[in-house]
1. Could you run the Karplus curve 6.51 cos²θ - 1.76 cosθ + 1.60 with θ = phi - 60° over the range 108-120 and give me ³J(HN,Hα) per residue in whole Hz, x for Gly and Pro?
2. Where does each of 182, 160 land when they are ordered by accessible area, with a 1.4 Å probe and the largest first?
3. What order do 27, 217 take when sorted by accessible area (1.4 Å probe), most exposed first?
4. Please list, ordered by chain and number, the residues whose modelled amide H lies under 5 Å from the amide H of residue 121; skip anything fewer than 5 residues away on the same chain.
5. When you take every Cα atom in the range 70-112, what is the radius of gyration, and what is Dmax, the widest Cα pair distance, in Å?
6. Using a 1.4 Å probe and counting only protein heavy atoms, arrange 167, 176 so the residue with the most accessible area comes first.
7. On full extension of the chain, what length is gained from residue 117 through residue 98, given 0.36 nm per residue of separation minus the C-alpha to C-alpha distance?
8. Does anything in the range 181-200 have its amide N under 15 Å from the 7 Å Cα→Cβ label point of residue 162, and if so which residues?
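The values are calculated or read from the model by the stated rules, or taken from the named source; none is laboratory data. On a predicted model such as this, the values are computed, not experimentally measured, just so you know. As a convention, Cβ positions derive from the backbone with ideal geometry for all residues, glycine included, and neighbour counts pool all protein chains shown. Heavy atoms of the whole protein, side chains included, go into the accessibility calculation; ligands, DNA and RNA do not. Shrake-Rupley method; radii C 1.70, N 1.55, O 1.52, S 1.80 Å.
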Amino acid sequence: MTQPLFSVQHILFPTDFSKTSEAAAAHTAGLARAVNAKVSLLNVVPWLPDWYGASEPYFPVGDDVLRNLELSKKAAEASCLSLLEGLQKQYFSGIPCDLQVRTGGVAKLIVEYAQEIQADLIMIPTRGAGPMRPFLIGSVTAKVLHDAPCAVWTSPHPRELEAFRPYRQIICAVDYRAFSRELLTKAWQVARLFQSRLSVVSAIPNRITASRAAGDHQSIQAQKTETYSALKNLLAELQVNASLHVLEGMTGEVIQRAAAMEDGDLVVIGHGRLDEPFGHLRTHAFEIIWNSPCPVLSL
């Protein structure tokens, strides 16, 4: 089966000028040069009046207050535009770039701007320290992952992002309950783009208890054998050249183990679509992103 190569022609890089964002900027520039892509640099100034509507306040305000708000907004936009220009000069020299500053809800405007410019890829770092796992990668990143109309690249969350190098080993995480032909094909296209190796990994949950150890072990082994055989046949049908691993354990830990074992540079997972009945992100997306030792590409 002849498949067109995975193509990235336009990258959206939203930045808040933080340390993690600056590290991702260097990586974004490296990837853009590797695939000859255009980059749009975006900064969103969080602005509560734009979220809730300054024209409909809950208490009376004078024209001078609204005028000062508007002046403050314009000053913030001008300052951020200057920072974007500095970022462009530092990291994106020689790369076709657009600069954009907007005000309002950060995640919402990132997604809307990606749609507006028809971006192929959003590259956004993970950050955050909330008490719940979905928010450990940062609430903005989580929202963008959920709503984005295109592929999303996220940095390895608890680790320092290394300088970009063309990806040599790609790990594709596949749900053992439902194989995605589209995901496997796209992962193969990404591997071909970077002339890299591809490994397909599926995790079989291990629920062995002391009272049912023997029966559970046999069930897991049977599931592993069945999954391996089915995936091997599907890869052959799709003409996808990849090594195959079916491992026991929690999904995030299995992908972490496989990435370390294969010296993975990039993990590819399914992204989904808004019209799918179970939501836009796959069940284990946050778990994989949190555990992955390398960047994750959600397709």
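1. Working through the residues one at a time gives 4, 6, 4, 5, 5, 5, 4, 5, 4, 8, 6, 5, 8 Hz.
2. Details: 182 100, 160 145 Å².
Result, largest first: 160, 182.
3. Working: 27 10, 217 90 Å².
Accessible-area ranking of 27, 217, largest first: 217, 27.
4. Long-range HN contacts for residue 121: 10, 12.
5. Considering the range 70-112 through its Cα atoms, Rg and Dmax are 12.0, 35 Å.
6. Working: 167 10, 176 55 Å².
Reading off the accessible areas and sorting them downward yields 176, 167.
7. Working: separation 19, 0.36 × 19 = 6.84 nm, distance 1.03 nm.
Value of the extension gain: 5.8 nm.
8. 197
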